[in-house]
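Presented below is the structure to which this report refers.
The values are calculated or read from the model by the stated rules, or taken from the named source; none is laboratory data. Please read these numbers as outputs of a predicted model, since none were measured by experiment. Positions of Cβ are generated from backbone atoms using ideal geometry, with glycine treated the same way; all protein chains shown enter the neighbour counts.
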Amino acid sequence: MLTTPLPLSVATKTAGKRSFVTGVGSMLFKGTGNELVVVKNVFYSPNATAALISPASIIRTGGKICIEGNDLIFCNARNVPLLPATFNASKRCWFFPQYLRGHEIEIRELVRTESLESLKARVGDGNEAINKKECDNLLRLTGNIYDCADCLIAKSLRRNTLLPTERIMGPMDIIVSDLMGPFEKANINTGRWVITIRDVASTYGECQIIASKADAAAVLQGTIMRWEIKTQRKLKTLRTDGGGEFWSKGMNRWCMVRGITHEQSLPMNQEQNGCAERFNRSIADMGRTVLRSSKLDNAFWGYAFMWAAYTMNNIPNERTGKMTPAELLFNEKPPLDKIQIFGEKAYVHIPKEHCGKLDDRAHVGHVVMYLQWAKGWLFYIPETNKLIPSAWAEFPESKPVTTIIRRDPPTAEAEKAGQSKMSLPFILNSLELGNLKKEEVFALQEKTAEEMMAPKEVIPRPYKEAMNGADKGEWAKAIDEELKNMQRMDVFEITEKRSDQHLISGGWIFAKKIDNITGDIRYKARYVTRGNKQWHNEEYKETFAPTATFSALRLLLTWAARRKWLVYSFDFTAAYLNAPIDMNVWVKPPEGLVVAEGMGCWLKKALYGTKQAGRCWWEHLSGKLKQLGFKKSTYDPSVYFNTQSGTVTWIHVDDGIVIAQDERVLNALKENLSKSFVIKWKSGINAIIGMEVRREEKGFTLTQKMLIDNIITANWNGKKLQVTPLPAKCNVSTTPKHETVVEQKHFLSIIGSLSYIANRTRPDISFVVNLLARHAQAPGLHHWAMLQHLLGYLQNTRNRRLKLFLNDEGITVASDASWGGEFSRSTHGYVITVHNCAITWCSKRLTTVAASTSHAEYMALSLAARQGCWLKRLIKDVFNSDMHLLLQCDNESAIRISNNTASNKRTRHSNRDFFEVNEMLYNKTAELEWVSTKAMKADGLTKSLGPHMHSTFGDHFLC
């Protein structure tokens, strides 16, 4: 019997209701020759009205059907007649002989009619096609074969059912990154890991060698920020694997702060980061190939990988078409003059400062890397087992030769002098005796720190680029406004030039000025000549013009707060264009100004960019102020005062402030200056030279919050907020030669911006900024970590303001020094207050080696006393007030030396300049007192402090 009845769709006794096949068996018939014919596999249904034989089933089993008149005869395969069937015309069907009821064969169970699940289990979940065939032959089942739960679990395959995401990508939309390593053999610079970073749209990629996985996040962040600066685009998506070096709280916070979506590939799903994996394979394959071809030692594998990445960036591929990846991302043409064969033999020139008269003038080396920070190569010198960067090399046309690397690990040569425009030259070896290497590094660090504070030259933006950009309408308006200003102010005269007339070219400089209070953006255009093309003595002579000191600005604000004076701010429109030029100078017509052929511009006024423009404006303005009764201060040329009206003004190029007791005096000055200049006046002051100024009941507060926010947004990794600029007792030293150096240009840019803040409104970071500026020549990863620590502190204290709140009388000079340090140079610091308001401060390394702590303190005290004496004379000169000068020091030995010129073996060789403090005390122009270290206001300018001590130090100046 059937375990599961089958539905029957033929005529049955139960009309309108379903009937079922309940069994299968055999039936016995009498054949044409009275023989017995057995028909097997006959279905049985108790409700069937007749026995039905299917001709199709007989033919499928090999039988045949023959027709004789109206009758049918069923034959076997050998055409032997078996069963006759007679045609009944009335019922229009054929009838077979009655089967023999007494000879039925016992009905057997149909084992192949169980459920599909049972059938799949019985055949071991075999091939789907076999299961389907079996079902069709036995049961005629409908429906599709499906995978059961056991099949899905036991036969699971690595199959991704998700469809790829369709999206249009541009440069910096998606960056992928991955790590390779650790490699069996360390690279020549001791690294065993490679971090790869690639832009998906342009296929531009880079790789760097790192010592450990912990360095990966810092390298990745630095590379992303460098690419963003070069492309002027913000990264949208960063895709990495789930490794801890990438997927950390610090990295996720850094991405969140910068608005970057951080995507992660699932564990064991490397294909989800397939772009990075394919890049890894490509540079590894090419790197191994060029390394084998070069015959260099396997220790150079890291440089071979970087060589491969550089090469791939400068050759087109299937995705980039006719352009290279570097062109698509940075718009940089392939540097064909740089392309060489990896490991190629070269003759590297030796600078004359590093070789004797009889020494060779070149090394035999092998090129192993293109320099990213300069235009040149890195060479391996087998003779000295060193790596030397140089652009002075000759490449003979020969194949690389086999080189033998020494057992001792090679060291990287740090001599990059003259290799890059960003590099500062080493001091010339003027002395022949002794080893002056440390002195050279020290002098270079000091020069770097000083140049960080100096204003940098602005490079003009191309006119065509501005006119083809998205803001071309705004720039066109700015150009038209400037041309109208020059025409109104009669800056030049368009006239016919001589055929041999020397014409100076120029260009437009474009800038966006942001209001510190409202945030409004104003587009400005300025036409600037190329003053470096002027001829000396014919087109210019004197060029000196004084610069304003921010110490004088803070002094004027303090003085106004103390005496409740009024403060006005002003801005000269097109300042330089007001001043007549003192020499005969011709320039080419500005772009955008249509003139006839053969015409030139003869300057009448000091156009921006000319050598003497600053000096002409300073002399012109000084002359006008002198006519109004103002006198220039002897001690600060940016300060002018009128003793009759009691008016004092401070001017920085074209911006300034004026203080006075009477508003009528200020209005009179405004009216008189407006007769000669186009000037914008503002009653009160809320901003000056990028600083936000707020007047309160106690005095003034100053901040540069907008600049701080811009620096943090662009450069902070977002890992952790800090309570101190540096960890307490942190040791920051020069980068070892073998250590990875971070991008110098980016590091310099950040330190330069921080220097602007430290010198104007944030004395609490002066020590750290000066410390990091010394190492800006070759910043390492530890310097980058310290910089990120400082940015975390700035983020935590971004709302703090320099307070000019009044308290006591007189001038106080607090001086401190920390003995020793790198290169045996001590760090000194001082802060000078007037009425308890910080006017000027400094944190710097002494240029002279101190023999003891008292010696260092004495030299620092002398330097601070000079600055205090200058400030006292400035107040006397401008305000006719003789203020008391108090010097403070926390070293009793230094105080004794200052008071009685005591001499000992460690101080008697001091330079006579340092004895100025003794003279001041002898003449009673100053007073010296001892204070405890806890009360020393300059303590945080010489060393890194703990959280509590730094908080106390900062509270002296900030609110």
Counting only residues that are of a type in the set (S, T, N, Q) and modelled with pLDDT of 90 or more, region 203-220 contains a total of 1
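Can you find a residue that is hydrophobic (A, V, I, L, M, F, W, C), part of a loop (DSSP other than H, G, I, E, B) and in the same structural domain as ARG92 (by TED's automatic domain parsing) anywhere in region 24-33?
no
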Taking region 742-751 and keeping residues part of a helix (DSSP H, G or I) and more than 17 Å from TYR793 (Cα to Cα) leaves GLN744, LYS745, HIS746, PHE747, LEU748, SER749
Scanning region 794-812 residue by residue, those buried (at least 20 other Cβ atoms within 10 Å of the Cβ) and assigned to a helix (DSSP H, G or I) turn out to be LEU794
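So that you can scan it fast, the table gives a plain yes or no per residue for (1) under 21 Å from ALA579 (Cβ atoms); (2) surrounded by 18 or more Cβ atoms within 10 Å (Cβ to Cβ); (3) hydrophobic (A, V, I, L, M, F, W, C):
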residue: ALA470; (1), (2), (3): no, no, yes
residue: LYS484; (1), (2), (3): yes, no, no
residue: GLY506; (1), (2), (3): yes, yes, no
residue: ARG526; (1), (2), (3): yes, yes, no
residue: ARG530; (1), (2), (3): yes, no, no
The correct count of residues that are surrounded by 24 or more Cβ atoms within 10 Å (Cβ to Cβ), part of a strand (DSSP E or B) and hydroxyl-bearing (Ser, Thr, Tyr) in region 834-866 is 1
Within region 868-925, the count of residues that are among the aromatic types (Phe, Trp, Tyr) and at pLDDT 80 or above comes to 2
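Out of curiosity, is LEU593 at pLDDT 90 or above and not assigned by TED's automatic domain parsing to the domain that holds VAL831? Write out each step before concluding.
On the way: at pLDDT 90 or above: no; not assigned by TED's automatic domain parsing to the domain that holds VAL831: yes.
Against the criterion (at pLDDT 90 or above and not assigned by TED's automatic domain parsing to the domain that holds VAL831), LEU593 does not qualify.
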- Task: Report whether or not ARG198 is touching a residue at least 60 places away in the same chain (Cβ under 8 Å) and part of a strand (DSSP E or B).
- Result: yes
Of (1) over 24 Å from HIS746 (Cβ atoms); (2) within 28 Å of the chain's Cα centre (by Cα); (3) of a type outside the set (Asp, Glu), GLY343 satisfies every one except (2)
Only one of (1) part of a loop (DSSP other than H, G, I, E, B); (2) in the same structural domain as THR547 (by TED's automatic domain parsing); (3) basic (Lys, Arg) does not apply to ARG664, and that is (1)
LEU296 passes all but one of the listed conditions (1) outside any loop (DSSP other than H, G, I, E, B); (2) in contact with a His (Cβ under 8 Å, 6 or more places away or on another chain); the exception is number (1)
Exception for SER676 within (1) within 17 Å of LEU958 (Cα to Cα); (2) at pLDDT 90 or above; (3) over 33 Å from the mean Cα position of the chain (by Cα) falls at (1)
Residues that are surrounded by fewer than 15 Cβ atoms within 10 Å (Cβ to Cβ) and either free of Cβ contacts under 8 Å to residues at least 60 places away in the same chain or not assigned by TED's automatic domain parsing to the domain that holds PHE395 (or both): does region 300-308 have at least one? no
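Name the one entry in LYS524, LYS513, LYS472, LYS484 that is in contact with a helix residue (DSSP H, G or I) (Cβ under 8 Å, 6 or more places away or on another chain) and free of Cβ contacts under 8 Å to residues at least 12 places away in the same chain.
Only one candidate passes the filter, namely LYS472.
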The number of residues in region 636-653 that are surrounded by fewer than 18 Cβ atoms within 10 Å (Cβ to Cβ), touching a residue at least 40 places away in the same chain (Cβ under 8 Å) and out of contact with any Gly (no Cβ under 9 Å at 6 or more places or on another chain) is 2
- Residues in region 758-765: is at least one surrounded by fewer than 23 Cβ atoms within 10 Å (Cβ to Cβ), of a type in the set (Ser, Thr, Tyr) and touching a Leu at 6+ places or on another chain (Cβ under 9 Å)? no
Exactly one of VAL594, VAL567 is in a loop (DSSP other than H, G, I, E, B) and β-branched (Val, Ile, Thr), and that residue is VAL594
When region 867-892 is checked residue by residue, the ones that are farther than 14 Å from LEU555 by Cα and assigned to a helix (DSSP H, G or I) are CYS869, GLU892
Restricting region 552-573 to residues that are touching an Asp or Glu at 6+ places or on another chain (Cβ under 8 Å) and of a type outside the set (S, T, N, Q), the one surrounded by the fewest Cβ atoms within 10 Å (Cβ to Cβ) turns out to be ASP571
Within region 678-716, residues crowded, with 19+ Cβ neighbours inside 10 Å, in a loop (DSSP other than H, G, I, E, B) and touching a residue at least 60 places away in the same chain (Cβ under 8 Å) come out as ILE685, TRP716
Q) Is at least one residue of region 756-775 over 16 Å from SER843 (Cβ atoms) and either in a helix (DSSP H, G or I) or modelled with pLDDT of 95 or more (or both)? A) no
The correct count of residues that are in contact (Cβ under 8 Å) with a residue 12 or more places away in the chain and assigned to a loop (DSSP other than H, G, I, E, B) in region 34-50 is 5
For region 582-634, the count of residues that are exposed (fewer than 15 other Cβ atoms within 10 Å of the Cβ) and touching a Gly at 6+ places or on another chain (Cβ under 8 Å) equals 0
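So for region 235-248 (the condition being farther than 28 Å from PHE342 by Cβ and in a helix (DSSP H, G or I)), does at least one residue qualify?
Scanning region 235-248, I find no residue that is farther than 28 Å from PHE342 by Cβ and in a helix (DSSP H, G or I), so the answer is no.
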Residue set HIS789, HIS783; condition in contact with a His (Cβ under 6 Å, 6 or more places away or on another chain) and in a helix (DSSP H, G or I); output residue HIS783
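Looking only at region 51-61, filter to residues that are among the small types (Gly, Ala, Ser) and part of a helix (DSSP H, G or I); which one of those is surrounded by the fewest Cβ atoms within 10 Å (Cβ to Cβ)?
ALA56
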Exercise. Answer yes if at least one residue in region 651-659 is in a helix (DSSP H, G or I) and closer than 18 Å to LEU625 by Cβ, and no otherwise.
Key: no
